[in-house]
Amino acid sequence: MESYATALLYATPFFIGLVLVEVLYGRFAKNQKHNVMDTVSSLSSGLTNVVKDSLGLGIILISYPFLLEHLALIEIKSTWLVWVVAFIALDFAGYWNHRLSHHINFFWNQHVIHHSSEEFNLACALRQPISNLLGYYALLLIPAALLGVPNTVIAVLAPIHLFAQFWYHTQHIGKMGWLEYVIVTPSQHRVHHAINQQYIDKNLGQIFCIWDRMFGTFQEELEEVPPQYGVLKPAHTWNPIIINFQHLWRLMQDAWRTKNYWDKFRIWFMPTGWRPKDVKDKYPVEIIEDVYHFKKYQPESSMALKGYSLFQLIVTTVLMLFMFYNYSEIGFEGLLLFGAFVFLGVYGYTTLMDRAPYAVWIELFRGLAGLVLIYWTNDWFGINAFLPMGSYLVGLYFVVTIFGAIYFTYFEKTLATPDLVS
Ligand SMILES: [Zn+2]
Ligand SMILES: [Zn+2]
């Protein structure tokens with residue numbers, strides 16, 4: 001996991017830098033596709049994902065090395081061929097995993113975060129899950145195992161394959177000529193993120209679009225059907241941690257409430273969105289009917305709150321980068337505690353962005369917990385060795401967090417508007 005932490009140390013600023021380039025381009029071209037709160041929410045989701053992944057949290061049901069040991073029929077000799085075969089096998093697995101995520105209730109929960117933004121821009125690419133806690137992915141790599149692709153090749157290619165899905169989350173690139181027949185392009189992926197009836201659950205490919213064309217899930221972006229982004233059951237929150245478990249929570253409630261025992265069991269494996277008849281009638285859930293006229297989530301916010309949210313995002317990112325930088329020194333238990341602070345931070349400030357009345361209590365708790373930890377250890381996870389008085393700076397940040405939460409909850413004049421303002 002340490003090498004993954006090192007990779008993230010460089011990848012994180014790189015991707016955030018590209019998001020910034022897109023923001024600046026939008027400003028320059030007078031065609032802005034970002035809104036502050038949504039982008040902060042997207043990037044925060046990315047932070048939770050990389051922290052979770054770097055800690056290796058989750059249960060591996062089956063591992064690739066295990067499959068390789070038991071299934072390998074041959075061993076590809078040519079070195080370059082191994083990489084090509086492995087990449088294609090990964091992309092094939094990615095297509096089917098993605099298709100599974102879109103079509104089965106239980107699996108949709110781990111993917112809904114990626115679709116939860118009602119915008120479409122580079123930051124949306126970083127909306128990645130923390131609820132993917134079951135490691136079954138290796139099963140989809142059986143073709144690679146049969147061909148004897150070594151584990152190291154998969155381990156090197158998997159993050160590259162994931163990172164290569166970043167660039168096409170943009171509205172600034174049009175159709176790309178003959179490339180549209182080979183790879184997934186921004187145009188095709190706009191269709192994928194759209195909730196228009198013609199587009200939903202289409203273009204599930206990750207790098208190559210040939211799988212969609214082979215298995216009947218391809219849909220071209222049509223000029224007369226402008227993509228409308230989001231999910232049919234809107235998240236209504238900027239909090240990526242809540243979004244990660246919203247669908248699961250609804251499934252649990254439905255399974256609990258339905259009188260039908262067969263439904264209690266099968267709800268998990270039914271098509272995404274399926275609900276038992278009795279609970280569907282009794283507890284209706286809002287679903288977007290007219291994709292062209294729904295109100296985007298936009299709780300009332302001020303310039304000050306936007307600036308404050310950006311400040312929280314930046315400090316949380318810097319702290320996380322320090323965690324990756326000092327990864328081996330901190331030790332596993334320390335990393336868990338550090339990770340908990342990152343999660344609590346994201347939870348707290350995004351809830352404040354939601355204007356949820358209880359946000360202030362989370363932020364008070366977080367701020368005080370941070371200050372107590374600094375007082376006890378006289379340090380912040382070894383930061384003083386790199387930056388003299390570094391722990392005082394972190395302490396100051398926690399003080400700002402406490403006052404910020406109090407200010408935005410009790411002092412800032414807010415208009416008494418409900419959650420939804422278009
Ligand atoms: Zn998807
Ligand atoms: Zn996407």
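The values are calculated or read from the model by the stated rules, or taken from the named source; none is laboratory data. All of these numbers come straight from a predicted model, not from anything done at the bench. Cβ: placed from backbone, ideal geometry, glycine included. Neighbour counts: every protein chain shown.
Remarks
- Scanning region 217-224 turns up one or more residues that are surrounded by fewer than 20 Cβ atoms within 10 Å (Cβ to Cβ) and either part of a helix (DSSP H, G or I) or in contact with a helix residue (DSSP H, G or I) (Cβ under 6 Å, 6 or more places away or on another chain) (or both).
- Conditions (1) of a type outside the set (Gly, Ala, Ser); (2) within 16 Å of ligand 2 (Cβ to nearest atom); (3) over 20 Å from the mean Cα position of the chain (by Cα); (4) assigned to a loop (DSSP other than H, G, I, E, B): number failed by Val231: (3)
- Residues of region 190-201 that are more than 12 Å from Tyr229 (Cα to Cα) and more than 10 Å from ligand 1 (Cβ to nearest atom): Gln198 alone.
- Applying the set (1) away from ligand 2 (no atom under 14 Å from the Cβ); (2) surrounded by 22 or more Cβ atoms within 10 Å (Cβ to Cβ) to His114 leaves exactly one unmet item: (1).
- Taken together, Gly334, Gly367 contain a single residue that is under 13 Å from Leu55 (Cβ atoms), at pLDDT 95 or above and of a type in the set (Gly, Ala, Ser), which is Gly334.
- The residue pairs whose first member lies in region 148-166 and is outside any loop (DSSP other than H, G, I, E, B), whose second member is β-branched (Val, Ile, Thr), and whose beta carbons are closer than 8 Å, counting only pairs six or more residues apart or on different chains, are Val153/Val82; His161/Ile207.
- Residue within region 49-58 that is in contact with a Gly (Cβ under 8 Å, 6 or more places away or on another chain), in a helix (DSSP H, G or I), within 16 Å of ligand 2 (Cβ to nearest atom) and not aromatic (Phe, Trp, Tyr) present: no
- Within region 284-333, the residues that satisfy the criterion of being farther than 26 Å from Asp38 by Cβ and either in contact with a helix residue (DSSP H, G or I) (Cβ under 7 Å, 6 or more places away or on another chain) or among the basic types (Lys, Arg) (or both) are Phe322, Tyr325, Tyr327, Ser328, Ile330.
Each row is one residue, and each column tells you yes or no for (1) within 23 Å of Gln206 (Cα to Cα); (2) touching a residue at least 24 places away in the same chain (Cβ under 8 Å); (3) surrounded by 21 or more Cβ atoms within 10 Å (Cβ to Cβ); (4) in contact with a helix residue (DSSP H, G or I) (Cβ under 9 Å, 6 or more places away or on another chain).
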position	(1), (2), (3), (4)
Leu18	yes, yes, no, yes
Asp53	yes, yes, no, yes
Ala86	yes, yes, yes, yes
Leu90	yes, yes, yes, yes
Ala93	yes, yes, yes, yes
Leu100	yes, no, no, yes
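- Being modelled with pLDDT under 95 and within 14 Å of ligand 1 (Cβ to nearest atom) holds for only one residue in Asn132, Asn109, and it is Asn132.
- Qualifying residue in region 378-387 (condition: assigned to a helix (DSSP H, G or I) and touching a Phe, Trp or Tyr at 6+ places or on another chain (Cβ under 7 Å)): yes
- Qualifying residue in region 68-83 (condition: within 16 Å of ligand 2 (Cβ to nearest atom), surrounded by fewer than 22 Cβ atoms within 10 Å (Cβ to Cβ) and part of a helix (DSSP H, G or I)): no
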